[in-house]
1. Where the eigenvalues come from the Cα gyration tensor of the protein assembly as shown, what are the semi-axes √(5λ) of the equivalent ellipsoid, largest first, in whole Å?
2. Got the B:ASN286 label distances to the other copies yet, label 7 Å along Cα→Cβ, in nm, shortest first?
3. Counting only other chains, what is the mean number of Cβ atoms within 10 angstrom of the Cβ of each residue in peptide B:178-189?
4. One decimal, nm, shortest first: give the distances between the label point of B:ASP414 and those of the same position in the other copies, each label point 7 Å from Cα along Cα→Cβ.
5. Using only the C-alpha atoms of segment A:163-230, find the volume of their convex hull and express it per residue in Å³.
6. Roughly how big is the B-A contact, given as buried accessible area in Å² (both sides, 1.4 Å probe, nearest 100)?
7. For B:ILE211, what residues show an amide H to amide H distance below 5 Å, using hydrogens built from the backbone and excluding near sequence neighbours?
8. Extension gain B:LYS418-B:ALA124, at 0.36 nm per residue separation less the Cα-Cα distance, in nm?
Number of protein chains: 2
Amino acid sequence: MFESAELGHTIDKATYAAAEPPLRADLLDAQFDVAEAKQFAVIILVSGVEGAGKGETVNLLSKWMDPRHLIVHGMGVPSDEERERPPMWRFWRALPAQGRIGVFFGSWYSDPIVGRVQGDYDAAALEQHLQTIVHFERMLVAEGVLLVKFWFHLSKKRQKKRLKALEKDPNTRWRVTKADWKRFKHYDEFRAVSERVLRTTSTAEAPWFVIEGTDECYRSLMVGRILLNALQQRLQQLSHTEKRILAPPLVAPIDQRNILNTLDLCQSLQKSDYKDTLEHYQGRLNLLVRQLSERQRALVAVFEGWDAAGKGGSIRRVTGALDARWYRVISVGAPSEEEQAQPYLWRFWRHIPRWGRVTLFDRSWYGRVLVERVEHFCPEAAWMRAYGEIREFEQQLVQHRVVLAKFWLHISKDEQLKRFQERETVRFKRFKITEEDWRNRAKWDEYEQAVCDMIDRTHTDRAPWTLVEANNKYYARIKVLQTLCQTLEATFD
Amino acid sequence: MFESAELGHTIDKATYAAAEPPLRADLLDAQFDVAEAKQFAVIILVSGVEGAGKGETVNLLSKWMDPRHLIVHGMGVPSDEERERPPMWRFWRALPAQGRIGVFFGSWYSDPIVGRVQGDYDAAALEQHLQTIVHFERMLVAEGVLLVKFWFHLSKKRQKKRLKALEKDPNTRWRVTKADWKRFKHYDEFRAVSERVLRTTSTAEAPWFVIEGTDECYRSLMVGRILLNALQQRLQQLSHTEKRILAPPLVAPIDQRNILNTLDLCQSLQKSDYKDTLEHYQGRLNLLVRQLSERQRALVAVFEGWDAAGKGGSIRRVTGALDARWYRVISVGAPSEEEQAQPYLWRFWRHIPRWGRVTLFDRSWYGRVLVERVEHFCPEAAWMRAYGEIREFEQQLVQHRVVLAKFWLHISKDEQLKRFQERETVRFKRFKITEEDWRNRAKWDEYEQAVCDMIDRTHTDRAPWTLVEANNKYYARIKVLQTLCQTLEATFD
């Protein structure tokens, strides 16, 4: 869930200087309307990695907004008054009233995360903690609270750099303590626990917004933008007759950098190398898949990607390695009438392989958060809850010894155009291109945003995405085969 | 959660014979409308204690309804096809399509409960299982499925009786196996695990209906009535523009027996005995409360009951035993403006005592499911979710070393009348009676139903209700004091 917050997002100072004043003005207006309406409270959680700008963000919000209706709660070590009550008591005590905005610097997440990293809680205790939190937040949302949860992230490398920079400057040296370096040693555990926590608590009603903390300008504008959108959406909603509560809207990175457009699409493989490499990996894969049965494992591979990115070709290179009795390829198109009369995931559950078998999905359950989102085939609430449902679904697969691999085949917009044109001119390829492909292409940006959100919200340690640079078909096919082999080998170890 | 299913509910055969034909006709009509509309699927779960009529109920539903749109799934031991897929696969496979009714005899609950009783799962594994179930059911409801969950219950005594009766009759002897008796030995564990499971999974969207299984006529009519109400409500909802999904409506026991009207209100205490007993318990309570501080415990006592049932008098007898510095009495009336601008439970969280202290609530958070429900001060969805929120809230208290005692002071309707009239005639008591009291009294039956639902849905092992027979004030006060002493002693042990 942290991948796109490790891309090195930045905004230059001039852009920031231009964007800040109107944003501040809009935020103040929105805050005034919230206070005026007195219909709902706003809670802003500020959490995340040390040194990623949590404190600065809290200061910024206090500066940007009217302090009469904004209360900041620095939730540090509990007082004895607080320790002698149930842990949630201090948060209940600090809840903002309707019309007000409460900023929680340190929140109900601090204790479970730190407690788990330090080993005070075992996995079961963490789980129970998280369920209390999920119930609590669901209650808040049901009571009309607008809950905006920010997680500020720094990659390990950047956190180290940040600590060193602070130490070097005599003016900020005091900010770096031994405890900070001690905590840094546990970065990996902290990251793993945080991922677990965010996965469980990023619900349809109250999703997390993960923000890269390196660059102050970027960080500040993102926070402002997300908050403003959330406030404006909720204020609009007040005048609607139907009071369906919507989650704060997702927001694309304002510096246009994302996990797709930072891929290196120049990677390629010579045809001469390809053939041998292909044979090598197909052989390896064959041997590995043979072992599934006795190891009581199944394999599910998901192929998603742009139109003409080479999903079909990659799948054929995989099936080329397999005995026809072992695998099935499921091509996912529009749902049948039978499938439409069932909950969304039903059509995929039917195809889950038994142990020893392989199912390859040519497009998949991710259609819900891609085509169905972009084309408005389902309401926003449906695709927002799909992220959580999919995480839960994949977790069940993995827990039941299914090896899961998920591929996004990525090509550039130019490469797609080239391939479309080629398909239209080469006669035996003409069936592969339809008007729909052109229509989808016209919505490239919306799809790109949907893909990035999908990866952010469904890439987990146990069910990771593999992004495949697919401008070069040979390179892409080999990367797919290689990833499958490595994933199986890692599981069998 | 099983208390009102141990009252010995029965319906005589004549009543049954009169009620069954119209019920069947209505059920068939409703089923036809569901099939016609093809807008939502219906899932009926049949779970519970062995011998409580699960099989008979399934047969009955098959008989009553049109088998073309009703599919029964007997979910026994999984096949190897099923074992080699994630546990939920078999249920996904069996989901009814929109317009159809699926009856699950044995369900996603069987495995976690049996597994926990047999020790295959530890507490953490059970918890995780339950969360998967909660997510699954939430998804079903969000997808429009009408989910009706029946739990058939038998008290330990009755289960034993039932097994013996079956064994005695040569025609049914084959039905009782050694395995049944072996399972009976684990009745108490089974009950405890089931309670835990029902508590966690009785959500606002998909509440459990616990039905006493002893009497076939009662059981069958209850099932029919609950199912019919649920179907009719959902069918009506289809024509509404606003598609808020409602939970199946709660239904009062059709034999009019309930946990209140089966109390023995003749219990009494002579005034001559009262004084000494009072002194005894007040002394004991004083010593116990003194220990709270060093034991790092707090005490919260909740007093609910009919108007004029003697809540104030009982509270005074408790505070009479305490040092004024130790306790606070919180009288709960209509919420203040400040409280109205907060989530419902906020006004109670503020008063949670620190260790060493006592808070006595004269009326409490249960107002949400009593007066607010009956007087329609809040929407149904709000009080339905309150059951779960209250269980969660009380669990947090108990986990944080708060000793929790909850009293319902019960008097008969006649006794209330007598007390009201006395209050009106005796001058110094006149302030105690208002028009509102008379208005509440006019809604006695609705309040009674609300009280029974409250006890059914919030009486748990860790936060039990004490029902106090309060027609005799002396008896009631002593029972309250005695219960407080015993609860503290049990906790301190």
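The values are calculated or read from the model by the stated rules, or taken from the named source; none is laboratory data. Predicted model only: the values in this text are computed from it and were never measured. Positions of Cβ are generated from backbone atoms using ideal geometry, with glycine treated the same way; all protein chains shown enter the neighbour counts. Please note that ligands, DNA and RNA were not included when accessible areas were found on the heavy atoms of the full protein model with its side chains. Shrake-Rupley method; radii C 1.70, N 1.55, O 1.52, S 1.80 Å.
1. Equivalent-ellipsoid dimensions as semi-axes: 53, 38, 26 Å.
2. Label point to label point, same position, other copies: 9.1 nm.
3. Mean number of neighbouring Cβ atoms from other chains: 0.
4. 9.5
5. About 113 Å³ per residue, rounded to a whole number.
6. Summing both sides, the interface buries roughly 4700 Å².
7. The answer is B:TRP151, B:PHE152, B:HIS153.
8. In short, 100.5 nm is gained.
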